[in-house]
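Take a look at the structure below.
Rule-based calculations on the coordinates, nothing more; no lab input. This structure is a prediction, so every number in the text was calculated from the model and none was measured. Reconstructed Cβ throughout: ideal geometry from the backbone, glycine too, with neighbour counts over all protein chains shown.
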Amino acid sequence: FTPRVFKSHLRMASIYSGCKYVVTVRDVGKTALSFYNFFISKRVPFLVDANYNHDKNGSDTEDKLLMDLSTFLVDTPFVRGCPQTTSTSDLRASIWEYYVEYHALMECPSVLMLVYEDFIGDEEVRKDNIRRLGNFMG
């Protein structure tokens, strides 16, 4: 079985030649807010104090956030990345490193760049992008 479509968050430097790639980019501010809210909804421990959500009577209250959005952006790999310090440590690119790679591939015939906001905005723009995607996929 060979998948026709494979979804990944891999960097473009980690992909295979000979394949076609659709890259979807989104407004960076909206992406940051979405990422932050996703972590809150999943109650990720470095962002949400899970032990704080009960009052004296044992009733649920709002979770205590351990950092605001600005701190989240400055102190997490989303903006600054996470350097690989050993051969087994986790290397995470910042959003800017992803965008640098995307920019370098803008003219690559095996890569189609799409903007997320173009799919939720004007109907004609959305139709044009769906046609572009269909033509690219073949």
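Straight distance only, please: which lysines reach the Cα of Lys42 with their own Cα at less than 21 Å, same-chain residues fewer than 8 apart left out?
Straight-distance partners of Lys42: Lys30, Lys64.
Measuring from label point to label point, each 7 Å out along Cα→Cβ, what is the Ile40 to Glu117 span in nm?
Taking the simple label geometry, Ile40 and Glu117 are separated by 2.2 nm.
Once the piece of chain linking Asp27 and Ala13 is laid out straight, how much longer is it, given 0.36 nm per residue of separation minus the C-alpha distance between them?
This chain segment gains 2.9 nm when fully extended.
Could you name the aspartates and glutamates in cross-link range of Lys7, using Cα to Cα under 18 Å and dropping any fewer than eight places away on the same chain?
Glu101
Once phi is turned into ³J(HN,Hα) by the Karplus curve 6.51 cos²θ - 1.76 cosθ + 1.60 with θ = phi - 60°, what whole-Hz value does each residue of the range 17-28 show in order, with x for glycine and proline?
Ordered by residue, 3J(HN,Hα) equals 6, x, 10, 9, 10, 10, 10, 10, 10, 9, 3, 4 Hz.
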